[in-house]
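Worksheet: the structure to be examined is printed underneath.
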Amino acid sequence: MIHYVSPGSEAEAAGVVAYDLLISADRTAVDSLAALMQLAKQAAADDQPLELVLLRLASEMKEDLFVHQQRTLSITELQAVGP
């Protein structure tokens, strides 16, 4: 889960928001922070952006509880927070 998005960051400009739930990165399921960091490290080594698929809580106007969001970001701003 995305816990924080820095104001003025590339992530904010791309529409990533706190509490988005990360599903995959570069078409690979992400089930841990370690998995995400490994994919980010590979993207950096390849000098490629990281394509993220996120779930976001839908507004009350939507039929579904969650909606899929797809965002492509460079990995320069990705930071692990927590244990």
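Any read-out appearing in this document is the output of simple, stated calculations on the displayed coordinates, not a laboratory observation. It should be emphasised that the depicted structure is a prediction, and the values quoted were computed from it without experimental measurement. Cβ placement follows ideal geometry from the backbone for every residue including glycine, while neighbour counts extend to all protein chains displayed.
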Amide H within-cut-off set for LEU50, under 5 Å, with H built and near neighbours excluded: LEU73, SER74, ILE75
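Extension gain ALA14-ALA45, at 0.36 nm per residue separation less the Cα-Cα distance, in nm?
Values: separation 31, 0.36 × 31 = 11.16 nm, distance 2.22 nm.
Result for the pair: 8.9 nm of gain on full extension.
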ILE23 long-range amide H proximity, modeled H, under 5 Å: VAL53, LEU54, LEU55
J(HN,Hα) series, the range 4-21, from Karplus relation 6.51 cos²θ - 1.76 cosθ + 1.60, nearest Hz, glycine and proline x: 7, 10, 5, x, x, 7, 4, 4, 4, 4, 7, x, 6, 10, 4, 6, 5, 9
Nitroxide proxy distance, nm - points 7 Å out along Cα→Cβ at MET37 and ILE2: 2.1 nm
Phi to ³J(HN,Hα) by Karplus 6.51 cos²θ - 1.76 cosθ + 1.60 over the range 42-47, Hz, x for Gly, Pro: 5, 4, 5, 5, 8, 6
